């Protein structure tokens, strides 16, 4: 894929130690060519949450992917799985 297109990803959690977001695909996102990341939580599909709205997160360039992994990775319990 050319490096001037965004890449889609899923945030996949294997263990939810906080008990908030559940396991499996907990968010979907896009990483832009400059490194910025936009991510949307799949809250509406999580029966353990009391909200139907999906929260969004934005991590600025150039370290958006690394920041996403650091903040939402839960010490290796969550990984970024690239769709594109």
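The values are calculated or read from the model by the stated rules, or taken from the named source; none is laboratory data. Not measured: the values here are computed from a predicted model. Note: ideal-geometry Cβ built from the backbone for every residue, glycine included; neighbour counts use all protein chains shown.
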Quiz prompt | Evaluation of residue 16 against (1) surrounded by fewer than 17 Cβ atoms within 10 Å (Cβ to Cβ); (2) at pLDDT below 80; (3) in a loop (DSSP other than H, G, I, E, B); (4) out of contact with any strand residue (DSSP E or B) (no Cβ under 7 Å at 6 or more places or on another chain) (one fails), failing number | solution = (1)
Exercise. Having 1 or more residues that are modelled with pLDDT under 90 and over 10 Å from the mean Cα position of the chain (by Cα) is the bar; report the strands (runs of 3 or more DSSP E) wholly within region 29-84 that clear it.
Key: 56-59
Quiz item: Going by the structure shown, is residue 6 out of contact with any helix residue (DSSP H, G or I) (no Cβ under 9 Å at 6 or more places or on another chain) and at pLDDT 80 or above?
Solution: yes
